[in-house]
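Working notes, structure below.
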Amino acid sequence: MPRTIKVEIKRQSNPDAPVVIEKFEVPYRPNMNITSLLGEIACNPITADGKTTAPIAYDSNCLEEICGSCAMLINGKARMACSALVDKLQDGNPDEPITLAPLSKFPVVRDLAVDRSVLFQNLKSVKAWVPIDGTYDLGAAPRQFPQIQEERYPLSNCISCTICMEVCPQFNDSTNFVGAATIAQVKLFNMDPAGSVLKEERLRALAGDGGVQECGFAQNCVEACPKQLPLTEAISDVTREVIVQQVKDFFTR
Amino acid sequence: MAASPRIIVVGGGLAGLSSVIKIAEAGGTVDLFSIVPVKRSHSVCAQGGINAAKDLKGEGDSVLKHFDDTVYGGDFLANQTPVKNMTAQGPAIIDLLDRMGVPFNRTPEGLLDFRRFGGTLYQRTAFAGATTGQQLLYALDEQVRRHESEGKVTKYEGWEFLSAVLDDNGVCRGIVAMDLRTMETRTFPADAIIICTGGNGAIFGKSTNSVVCTGSAQSALYQQGAFYANGEFIQVHPTAIPGEDKLRLMSESARGEGGRVWVPRDRNDKRVARSIPEADRYYFLEERYPKYGNLVPRDIATREIFKIVYEDQMGIDGQPMVYLDLTHLPKERLHKLEGILEIYEKFVGDDPREVPMKIFPGVHYTMGGLWVDFNQQTNIPGVFAAGEADYSIHGANRLGANSLLSCIYGGFVAGPQALNYAKALKPATGDGGHAAELQRQKQKNNQLTSSTGTENPFKIWRELGDTMTKHATIVRYNAGLDEADAKLVELLHRYKNINLSDKSQWANTSFAFTRQLYNMLELGRVIVQGARLRDESRGAHYKPDFPNRNDEQFLKTTKAAFVDGAPSITYEDVDTSHIKPRPRVYSST
Amino acid sequence: MATVAPPVSSATSPQRGVQPLRAGQGNSFLWRKLHSLSGIVPIGAFLVEHIISNFETWNGPLAYAKQVVFLNSLPLVRVLEWAFIFIPLSFHALYGVFIAFRGRSNVNVYPWAGNWMYLSQRITGIIALVYIVQHVWRQRFSGVMLPEHPGAAFAKVQHELSNPWMLAIYVIAMIATTWHFSYGIWLFAAKWGITPGNRARKRFGYVCAVLGIALCLMGLASIYAVVYKYPNAPENVLPETPAALVQPATATSAVSLTNSRSAAPRTTQSQPRSTPQS
Ligand SMILES: Cc1cc2nc3c(=O)[nH]c(=O)nc-3n(C[C@H](O)[C@H](O)[C@H](O)COP(=O)(O)OP(=O)(O)OC[C@H]3O[C@@H](n4cnc5c(N)ncnc54)[C@H](O)[C@@H]3O)c2cc1C
Ligand code: HEM
Ligand code: HEM
Ligand code: SF4
Ligand code: F3S
Ligand code: FES
């Protein structure tokens, strides 16, 4: 008999619908990843006990871990589905079912798709951009030494997957913590020669409720980040600057 | 028209975002539609870099040389005026991106660093690590977020463009779009729309493109009367990592550092790669091209790998794959390739330092697209297009790192042009066709949800991809293309008998996909028929039966119109006002 | 008929899930930083002082008594006690409980070192809280009043620890508080941007670990001293009358010592100096 992969998927047909677990058995092929497994189910949406069901809803786009769409809980852990290889997940244990579930800290849209727009709202509230005068030709930008570039580049690699937020014990609906990704972006833009003009505003924003103070330094973010952003370093640096800014503001504003 | 015209931009990749920025800056209001959150658009995938002749390396590079390289690389099929304009704006665009905070790599003195790319002799490619597209997209995304927070831009992320709303005179008055969450279909008024929906790799099943690159929007417009130009020109990259779900790019540098391409001499050889002795390995590129070996030009490598697999039937384990072997390389060399080796390791699970990589050419880029004039306007008044979705700039073949530039350039032209157009637009009579178009789209939806056939859309898509990949990619024969067209007609027929296993009206991804599938099928026919009729070889289009370029007959833009439910192809002269076409010779590269 | 639907704002329904940053609003930053700071000074400083003071038990009941006398001799000692110990400690403890209950620990899923330490900081905090409440009540606010009878300190603690349960509680609490404190210093440095770099954090981690272990061992040594080293300590090693035992400079405390219930038992007039072990 050809080998199959057992999958258990936590499903929810809409945000208010009850949660159900559906089991599937998908024909094994070498080098399968979770997104291709889900594609296989879409082609043949029949559960392990023979019931026809709807294809699984989930987000994906690039399929090469760069767009940040496909974060979900795979065997309970938050990671990117497109870079999660079945062979590695099952490592020597092919009968063990793979479990898939939506990220737990974000409102479920449907099945494995969740609404992560809060990150984009956060990026707005910290003004994560360089306020350029305009897009007309104003000549070359100021010089920037490679050392600065090397510090900024890794921060600029954040794919907004929200995994750092999902795994953070402090990111939840009672703290409403902003999460590591936004803090890292503040560092990125504060380091840009022109972007630093908004530095004070960003630092003040981050001292608001849910701001940088809510981090308990659990360091899960930096462990889990698929793009290996130096998140704890950013949190540390940014918090220092927020504190300095608050003290300054206390005496001068 | 009102002082502040309303523009809709569809697509939030580099092209879409750059047009949004231009319009917002000029005081217009923009509604930005995108299937995925714009920050997740396909443009993030671009790795290599972006071209501009800034000549910071003292090589005497110039805008004119960049212009010439682009036209020559495109085998003279590109209209030269827009290419000239684009290359002229290149340096300013790089400076702008730099000012926006893109972390471009730097020289020790703090200036922009440039590297060399295919198709040129100059170090002309600016880059930000190995994720240039991502960095550029983010920079534009951030600017758009800024305009959004100032109320100049409204984003409709998770909305899919279904069609344009055309009034009685065929003038565009808005769009119909579907909310992919609530599945609500609505019309949105606009004085002009800009289509920046990227490439159409999904028509080929697996490609290096992202999931939403279906070409669905372009196809919908083509079916509404827009010309689709040069559809047959599809770039295939020689080395991609075949995956279960997509093909991931494996940079040319692997071969540059000494990687060797081979297959077992015996097609039934079941041994693991490393245990196959040297004598039983067929280094087909080295044997067939003793002079260049593994470093033959891209298109030749692509074709040879394709032939080995499909004509000689010598793919590994009968699969469309060949080995790209780095295991013999010394440590220092491998170290230089660290980044791409990690990609392979991550997605295949094997260590390419120990096990030869398995690679195959992959559909990579759509040179063709919506026909546009030099102002990026399609033949439908009020519909503009930019980026990979239009056909301009790249002709028959795109040079590496030129696409990111063309997307931004296209957006920068389309935005202001759309605004100008909209300012001069006369108000619509009646409702401008909104009710009728909405009705038409709702009817399509109803047809799908009420259809009770037996066909699974995902299976039809697989068949589409297999057919297109087999007949319409690297090596094309007229018989095969005819076969492919017949298959497409069959699939279109079977499509009527489709069965949606999910008929719910909430975040129904398979419903949306099934709608796109129809458009893919129609666009597939444009590609196939364009290729069928072009009896020559030019750029990425290669017919062994017609191995030479034929300028007399085919120095022409292919224009497909949707007539009576099928492509009707006409030709249009190419603007060669600046550079006289000359033969494109590979052997010296 | 309006065929053209106006764009609806997506903000019509309240957003579910974690809410966005309330940029620049609220005071939680201040409270949070005060909590953080209070853990170091004054509470942490007190802890160090307390452990050092308690370590005097190693030198026997009399030495310990002298230490208690010395502490009680500090000017405005009652004010200091409230201002620098009880109030900040209550704030830190209560706000700490608030913080702890707002976290959603997930070490079961992500069993990484930092995450364990995050959880441990909360658990040790709670242990410290429970312990301190009973400890302060029993040692400071009930039984023999030590400020008035510093000589009874050793015996009071010894009585307490004669109960094996109590002994276990003290040992656990000792480990928990020093753990909480030393990781707390590390946290403080990390979160206030003093040690942003990974290597700096790692290095400082060793420093904190050494400090924590040292404090913990000192504390455990004190417990050992109380329980095993000086068994059957006298009830009060500092009978009230011989004020000569007290340094002249601390006359004030001598006064305060004498005006209280001086009927304190003077029974076991044993001589601490002559204890064989010292
Ligand atoms: C692996 C890879 C590497 C590459 N490397 C380079 C490189 O190094 N240099 C270079 O110059 N080029 C490179 N390219 C090419 C380049 O990345 C693309 O051509 C370019 O990003 C296309 O941008 P775009 O703005 O046209 O469209 P995209 O970025 O594809 O964006 C399309 C947008 O349209 C939206 N959309 C699509 N359909 C609809 C619809 N129906 N309704 C609403 N919205 C819709 C999508 O959501 C998306 O926002 C590479 C391409 C690939 C695949
Ligand atoms: C070796 C273990 C310990 C011993 C022998 C010990 C002993 C004592 C004694 C005798 C007192 C009363 C002092 C007085 O009333 O003047 C006291 C008070 C107190 N102890 Fe401890 N203690 C120990 C551990 C701890 C620990 C781990 C903490 C946690 C921080 C702690 C916190 C306190 C506090 C807050 C007070 C009240 C402070 C005051 O009265 O000024 N103790 N301790
Ligand atoms: C003697 C007792 C205590 C000492 C010395 C102490 C010290 C500290 C220190 C130094 C910190 C680090 C501050 C920072 O995070 O920057 C800290 C954090 C913390 N303390 Fe205490 N603490 C004590 C008691 C308590 C108690 C009783 C609780 C109650 C549960 C508590 C809960 C916490 C919590 C939850 C944190 C983590 C705060 C955060 O992550 O931001 N502590 N403590
Ligand atoms: S910081 Fe890392 S984990 Fe967090 S969103 Fe960005 S890429 Fe994802
Ligand atoms: S996991 Fe969370 S608590 Fe801080 S260090 Fe990372 S944000
Ligand atoms: S699909 Fe883009 S990150 Fe996985």
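The values are calculated or read from the model by the stated rules, or taken from the named source; none is laboratory data. What you are looking at is a predicted structure, and each value in this text was computed from that prediction instead of being measured. Glycine also receives a Cβ, built like all others from the backbone with ideal geometry; neighbour counts cover every protein chain displayed. The protein model used for the area step is the full one, side chains on, heavy atoms only, and it has no ligands, DNA or RNA in it. Shrake-Rupley method; radii C 1.70, N 1.55, O 1.52, S 1.80 Å.
For the range C:172-227, name all the residues that are of a type in the set (Val, Ile, Thr) and within 14 Å of another protein chain (Cβ to nearest Cβ). Step through it out loud before you land on a result.
Pass one, the range C:172-227, residues of a type in the set (Val, Ile, Thr): C:172, C:175, C:177-178, C:185, C:194-195, C:207, C:210, C:213, C:223, C:226-227.
C:Ile185, C:Ile194, C:Thr195 - these are the residues of the range C:172-227 that are of a type in the set (Val, Ile, Thr) and within 14 Å of another protein chain (Cβ to nearest Cβ).
Of the residues examined, B:Thr473 is one that is crowded, with 19+ Cβ neighbours inside 10 Å, more than 14 Å from chain A (Cβ to nearest Cβ) and not in a helix (DSSP H, G or I).
Checking B:Thr509, B:Thr514, B:Thr589, B:Thr557 one by one, the residue that is at pLDDT below 95, among the β-branched types (Val, Ile, Thr) and buried (at least 17 other Cβ atoms within 10 Å of the Cβ) is B:Thr509 and no other.
Note on the range B:128-155: among residues that are away from chain A (no Cβ under 11 Å) and open to solvent by 10 Å² or more (accessible area, probe 1.4 Å), the one that is nearest to B:Leu249 (Cα to Cα) is B:Thr154. Close contacts from the range B:469-493, counting a first residue that is closer than 12 Å to B:Tyr542 by Cβ and a second that is aromatic (Phe, Trp, Tyr) and surrounded by fewer than 19 Cβ atoms within 10 Å (Cβ to Cβ), with Cβ to Cβ under 9 Å and a gap of 6+ residues or different chains, come to B:Ile474/B:Tyr310; B:Val475/B:Tyr310.
Here A:Ala101 clears all of (1) farther than 30 Å from A:Arg204 by Cα; (2) facing chain B (nearest Cβ under 7 Å) except the condition numbered (2).
Give the range A:19-74 a look and list any residue that's within 15 Å of the chain's Cα centre (by Cα), open to solvent by 10 Å² or more (accessible area, probe 1.4 Å) and of a type in the set (Ser, Thr, Tyr), or say none. Answer for the range A:19-74, where residues must be within 15 Å of the chain's Cα centre (by Cα), open to solvent by 10 Å² or more (accessible area, probe 1.4 Å) and of a type in the set (Ser, Thr, Tyr): A:Tyr58, A:Ser60. Entry remark, the range B:346-362: residues being more than 14 Å from chain A (Cβ to nearest Cβ) and either open to solvent by less than 10 Å² (accessible area, probe 1.4 Å) or in contact with a His (Cβ under 6 Å, 6 or more places away or on another chain) (or both) number 2 in total.
In the list A:Ile243, A:Ile183, A:Ile235, which residue meets the criterion of being away from ligand 4 (no atom under 16 Å from the Cβ) and not assigned by TED's automatic domain parsing to the domain that holds A:Lys77? Steps first, answer last, please.
Working: A:Ile183 fails: away from ligand 4 (no atom under 16 Å from the Cβ); A:Ile235 fails: away from ligand 4 (no atom under 16 Å from the Cβ).
It is A:Ile243.
Quick grid of which residues meet (1) closer than 18 Å to B:Ile21 by Cα; (2) touching a strand residue (DSSP E or B) at 6+ places or on another chain (Cβ under 8 Å):
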position	(1), (2)
B:Phe384	yes, yes
B:Gly400	no, yes
B:Ser403	no, yes
B:Gly410	yes, yes
B:Lys423	yes, no
B:Ala436	no, no
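Taken together, the residues in the range A:32-57 that are assigned to a loop (DSSP other than H, G, I, E, B) and in contact with a Lys or Arg (Cβ under 9 Å, 6 or more places away or on another chain) amount to 8. Looking at C:Val237, C:Val210, C:Val227, just one residue is under 20 Å from C:Ile52 (Cβ atoms), at pLDDT 95 or above and surrounded by 15 or more Cβ atoms within 10 Å (Cβ to Cβ), and that residue is C:Val227.
Here is a yes/no grid of residues against (1) within 14 Å of ligand 3 (Cβ to nearest atom); (2) at pLDDT 95 or above; (3) more than 14 Å from chain A (Cβ to nearest Cβ):
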{"position": "C:Phe46", "(1), (2), (3)": "yes, yes, yes"}
{"position": "C:His50", "(1), (2), (3)": "yes, yes, yes"}
{"position": "C:Asn54", "(1), (2), (3)": "yes, yes, yes"}
{"position": "C:Thr57", "(1), (2), (3)": "no, yes, yes"}
{"position": "C:Leu74", "(1), (2), (3)": "no, no, yes"}
{"position": "C:Val77", "(1), (2), (3)": "no, no, yes"}
{"position": "C:Ile87", "(1), (2), (3)": "yes, yes, yes"}
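Scanning the range A:154-198 for residues that are more than 9 Å from chain B (Cβ to nearest Cβ), closer than 29 Å to A:Asp115 by Cβ and small (Gly, Ala, Ser), we see that the one that is most open to solvent (accessible area, probe 1.4 Å) is A:Ser174.
Scanning the range B:97-112 for residues that are modelled with pLDDT under 95 and part of a helix (DSSP H, G or I) yields a count of 0. Screening the candidates B:Gly158, B:Gly151, B:Gly118 for the property of being touching a residue at least 40 places away in the same chain (Cβ under 8 Å) and closer than 26 Å to B:Arg6 by Cβ yields one hit, B:Gly158.
With respect to the conditions (1) part of a loop (DSSP other than H, G, I, E, B); (2) over 23 Å from B:Leu370 (Cβ atoms), B:Arg115 lacks only one, and its number is (1). Has the range B:482-501 got any residue that is open to solvent by less than 20 Å² (accessible area, probe 1.4 Å) and within 14 Å of another protein chain (Cβ to nearest Cβ)? Checking the range B:482-501: at least one residue is open to solvent by less than 20 Å² (accessible area, probe 1.4 Å) and within 14 Å of another protein chain (Cβ to nearest Cβ). Residues in the range B:3-35 that are out of contact with any helix residue (DSSP H, G or I) (no Cβ under 6 Å at 6 or more places or on another chain) and either of a type in the set (Lys, Arg) or surrounded by fewer than 24 Cβ atoms within 10 Å (Cβ to Cβ) (or both): B:Ala3, B:Ser4, B:Arg6, B:Glu25, B:Gly27, B:Thr29, B:Asp31.
Please report, ordered by residue number, the helices (runs of 4 or more DSSP H) entirely within the range C:107-213 with at least 1 residues that are among the aromatic types (Phe, Trp, Tyr), over 14 Å from the mean Cα position of the chain (by Cα) and within 16 Å of ligand 3 (Cβ to nearest atom). Before the answer, list the steps.
Details: elements: C:113-140, C:153-162, C:164-191.
Passing ranges, in order: C:113-140, C:164-191.
Name every residue in the range B:42-61 that is open to solvent by less than 10 Å² (accessible area, probe 1.4 Å) and within 16 Å of ligand 6 (Cβ to nearest atom), in order of residue number. Residue satisfying the conditions is B:Val44 alone. Residues that are crowded, with 24+ Cβ neighbours inside 10 Å, part of a loop (DSSP other than H, G, I, E, B) and more than 16 Å from ligand 3 (Cβ to nearest atom): does the range A:135-153 have at least one? No; the residues of the range A:135-153 include none that is crowded, with 24+ Cβ neighbours inside 10 Å, part of a loop (DSSP other than H, G, I, E, B) and more than 16 Å from ligand 3 (Cβ to nearest atom).
Residues checked against (1) within 16 Å of ligand 4 (Cβ to nearest atom); (2) modelled with pLDDT under 95; (3) within 14 Å of another protein chain (Cβ to nearest Cβ); (4) touching an Asp or Glu at 6+ places or on another chain (Cβ under 8 Å):
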| site | (1), (2), (3), (4) |
| --- | --- |
| B:Val383 | no, no, no, no |
| B:Glu388 | no, no, no, no |
| B:Leu399 | no, yes, no, yes |
| B:Val413 | no, no, yes, no |
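Go through the range B:30-66 and give me each residue that's touching a strand residue (DSSP E or B) at 6+ places or on another chain (Cβ under 7 Å), small (Gly, Ala, Ser) and within 18 Å of B:Pro103 (Cβ to Cβ). Across the range B:30-66, the qualifying residues are B:Gly48, B:Gly49, B:Ala52.
Only one of these is open to solvent by 60 Å² or more (accessible area, probe 1.4 Å), closer than 20 Å to B:Asp75 by Cβ and not acidic (Asp, Glu): B:Arg582, B:Arg534, B:Arg538. Name it. Spell out the reasoning first.
Values: B:Arg534 fails: open to solvent by 60 Å² or more (accessible area, probe 1.4 Å); B:Arg538 fails: open to solvent by 60 Å² or more (accessible area, probe 1.4 Å).
Of B:Arg582, B:Arg534, B:Arg538, the one residue that is open to solvent by 60 Å² or more (accessible area, probe 1.4 Å), closer than 20 Å to B:Asp75 by Cβ and not acidic (Asp, Glu) is B:Arg582.
A:Thr52 - would you say it is more than 7 Å from every other protein chain (Cβ to nearest Cβ), without any contact (Cβ under 8 Å) to a residue 40 or more places away in the chain and among the polar types (S, T, N, Q)? Show your work before the answer.
Working: more than 7 Å from every other protein chain (Cβ to nearest Cβ): no; without any contact (Cβ under 8 Å) to a residue 40 or more places away in the chain: yes; among the polar types (S, T, N, Q): yes.
No.
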